[in-house]
Each structure stands twice: as structure tokens, then as C-alpha cells.
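A quick write-up on the structure given underneath.
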Amino acid sequence: MSGCAGCRVRSKTCPILYGKRSAPGGQLMISAISVWEALYLARAGRLDLGFPREVWLHKATFDAKVEVVSISKGIAARAAQLPLHHRDPADRFIIATALELDTRLISLDEKFPLYEELAGHLFAG
């Protein structure tokens, strides 16, 4: 299965989630926690990036023209307030990032639709 930025994912979902600002022609974005999660899963042998780490980072961000969004205190605070539908705190940071930045969140994660807060933000196609 081919995943984000050419990585070969060994699960049904890709840990890299892209959001797009609401404005027409908006910037594609990715949470910094998604970069951490992809590299962590690759190190644990659960994700094959398809490239050495540095090459993958360049391809997944610079080459793909994807902005990496840092975790702000607002994002951290919102992530801490989200319901615990998802046991993975990284996924709550991704959700909080989309909400704080008022972006669309594109994900195949089956638990994201459980978050009522994502109504109008989630594209789960």
C-alpha cells in the first residue's frame, strides 16, 4: 500500500494527515506531531518510509509544498480538553491542530468521526 510522500504503510491509516485552510487556494499543512509519529513508527518497524529519514522529510514537506505546523500552547490546551475517544495522544494533537487553525482535516482514521468537534472540518473519504 502506498502512503503519504511515498511511504509504504503497514496499516490501514497513514499517520500523516493533511489539512487545508478554508480559504480558496489554501496551504496544505501537517502537524509537527505527525512528523514525529511517522519517524517513531518507522524506527519501531511499523512504517516503511521508502527513503532515508532526511530524504523522506524533504519529500514529505519541501517537495510536497506542505507547511509543518508547530504545536502552540493553544493547540496543546485544546488537545488536553478533547474527549478520550482516541487513546493515541498524537491523534488528539492532530485534531486540535485542525480545530485551532480552522482547517479541513483529511484522515482515514476510523475514530476521528467520533469527535463532534470535527463537524465541518473532517474529510474522511
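The values are calculated or read from the model by the stated rules, or taken from the named source; none is laboratory data. Predicted, not measured: the structure shown is a model, and the values here were computed from it. Every residue, glycine among them, receives a Cβ derived from its backbone with ideal geometry; neighbour counts consider all protein chains shown.
Here are the numbers:
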item	result
Subset of segment 107-125 [hydrophobic (A, V, I, L, M, F, W, C), touching a residue at least 12 places away in the same chain (Cβ under 8 Å) and either surrounded by fewer than 18 Cβ atoms within 10 Å (Cβ to Cβ) or closer than 20 Å to LEU39 by Cα (or both)]	LEU108, LEU114, PHE123, ALA124
Given (1) part of a loop (DSSP other than H, G, I, E, B); (2) modelled with pLDDT of 60 or more; (3) of a type in the set (S, T, N, Q), number of the condition SER11 does not satisfy	(2)
Whichever residue in segment 45-93 is among the polar types (S, T, N, Q) and either touching a Leu at 6+ places or on another chain (Cβ under 7 Å) or not in a loop (DSSP other than H, G, I, E, B) (or both) and, among such residues, is modelled with the highest pLDDT	GLN81
Failed criterion for SER22 (all others in (1) of a type in the set (S, T, N, Q); (2) modelled with pLDDT under 85; (3) within 12 Å of the chain's Cα centre (by Cα) hold)	(3)
Top-ranked residue in segment 87-99 [being without any contact (Cβ under 8 Å) to a residue 60 or more places away in the chain and under 14 Å from the mean Cα position of the chain (by Cα); ranked as nearest to SER34 (Cα to Cα)]	ASP91
Cross-chain or 6+ apart pairs with Cβ under 9 Å, segment 53-65 first and closer than 13 Å to ILE30 by Cα, then charged (D, E, K, R)	THR61/GLU67
Segment 59-79, residues that are closer than 13 Å to ILE33 by Cβ, among the hydrophobic types (A, V, I, L, M, F, W, C) and either out of contact with any strand residue (DSSP E or B) (no Cβ under 8 Å at 6 or more places or on another chain) or crowded, with 19+ Cβ neighbours inside 10 Å (or both)	VAL69, ILE75, ALA76, ALA79
